[in-house]
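Encoded as structure tokens, the structure appears first; notes follow it.
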Amino acid sequence: MTGSQLYEAMKNISPAAVVQPYTTQTCERLVPLINRINELKKEKNAVVLAHYYVSPEIVAGVADYVGDSYKLALDARQVEADTIVFAAVRFMGETAKILNPTKTVLVPGHDSGCSLAEAIDAQTVRKLRVQYPEHTFVCYINTTAGVKADCDVCVTSSNVYDIIERLPSDKIFFLPDLLMGQNIIREMTRRGIHKSIELYDGNCYVHKEYDGALIDAVRMSHQIVGEDVTVIAHPECRPEVVAKSDFTGSTSQMTAFLESSPVRNVMLLTECGLNAGMQARFPERRFIGSCNMCRYMKSNTLSSILQALENPAPAMHVDIEEAVRSGAERCISAMFRYAAKR
Ligand code: SF4
């Protein structure tokens, strides 16, 4: 890759959506690192899986697979390489390891947590199961392997509503995302599905920040000049945000919506990485308003990926005790099974 090829791919990304704006000079500086990582991937038989929320130079320069947590979980099942470098957060690296126990899985971010995954541990789930013995325990994929091992089925933002609807049980305990749980209750009511749903009190610190007043202000300022804004939100946002949005979905579903709808003014209420990616793909559209950055996702850098391939720090390795791994695999397999049902 050359600096001008990288600049061509990045030039339409607004400075507000990235840690560092892309100029021809920054692209020239990034390219030697990108090319070195791509050489090492071949030498070490490694692949890079990258979430949409990481910095665009990772997505454009070194990623072999890009997606949201559900797509990357599916991709992780297909990988043939010996080593998976998961440029995202630790629970996603754990999902790859759960599905590929014999492969080396490395998470390069130096701060690869997640406010949702850290909201609940396995011990708390076990206590809740004693308290709610008749409930089916459904965990969001943003949980540790230990939490998954103690739950019945896991879901992602791509399949959460369909899986909750398809589960035979009418008593559900959903954890740990309170706001997504409130959106599930709203969506089940809209679908005419009657289930009793208990919730836990975790949240994504990035998506929680958006509120309905922001949407009202942006719509009003555009109405004055006779323009519409299409608002697209992630289901980790507050129910009032989802209610005021034109479309709600996972990052893959948001991308598919933008691919199929030629909307001009777009307000994407999710992590900045998706805004950056969409600006690069649809330069003729206007992406309006603020986006929030996830410090955990942004702790992945080209330098940390290079280190993971050259000489990974012990903390970059993902290792899971076999009893926990097999329990978590059962929970994830249940997701694939329910997601495939029609
Ligand atoms: S954006 Fe939110 S849910 Fe995603 S990794 Fe960051 S804190 Fe976790």
Query raised in the report: Just one of the numbered conditions (1) within 15 Å of the ligand (Cβ to nearest atom); (2) touching a helix residue (DSSP H, G or I) at 6+ places or on another chain (Cβ under 6 Å) is not true of A122; which one?
Result: (1)
Requested in this report: Please find, within the stretch 107-116, the residue that is farthest from the ligand (Cβ to nearest atom) out of those that are surrounded by fewer than 24 Cβ atoms within 10 Å (Cβ to Cβ) and farther than 11 Å from M297 by Cβ.
Outcome: H110
Requested in this report: With the condition kept exactly as written, say whether any residue in the stretch 135-153 is farther than 25 Å from A76 by Cα and either away from the ligand (no atom under 16 Å from the Cβ) or among the hydroxyl-bearing types (S, T, Y) (or both).
Outcome: yes
Report summary line: V241 meets each of (1) within 16 Å of the ligand (Cβ to nearest atom); (2) in the same structural domain as V147 (by TED's automatic domain parsing) with one exception, condition (2)
Requested in this report: Could you grab me the full set of residues in the stretch 325-342 that are of a type in the set (A, V, I, L, M) and free of Cβ contacts under 8 Å to residues at least 60 places away in the same chain?
Outcome: A340
Report task. Count, please, the residues in the stretch 196-218 that happen to be away from the ligand (no atom under 16 Å from the Cβ) and surrounded by fewer than 16 Cβ atoms within 10 Å (Cβ to Cβ). Result -> 6
Query - Matching entry among A81, A73, A60, A87 (being away from the ligand (no atom under 16 Å from the Cβ), in contact (Cβ under 8 Å) with a residue 60 or more places away in the chain and either buried (at least 24 other Cβ atoms within 10 Å of the Cβ) or not assigned by TED's automatic domain parsing to the domain that holds A149 (or both)) - result: A60
Requested in this report: Find all pairs meeting these conditions: Cβ atoms under 6 angstrom apart; at least six residues apart or on different chains; first residue within the stretch 289-310 and within 16 Å of V19 (Cα to Cα); second residue within 9 Å of the ligand (Cβ to nearest atom) and among the aromatic types (F, W, Y).
Outcome: C294/Y53; M297/Y53
Report summary line: Residues of the stretch 276-292 being surrounded by fewer than 17 Cβ atoms within 10 Å (Cβ to Cβ) and either assigned to a loop (DSSP other than H, G, I, E, B) or aliphatic (A, V, I, L, M) (or both), in sequence order, are P283, E284, S290
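The values are calculated or read from the model by the stated rules, or taken from the named source; none is laboratory data. What you see is a predicted model; the values in this text were computed from it and never measured. So basically every Cβ, Gly included, is an ideal-geometry build from the backbone, and we count neighbours across all protein chains shown.
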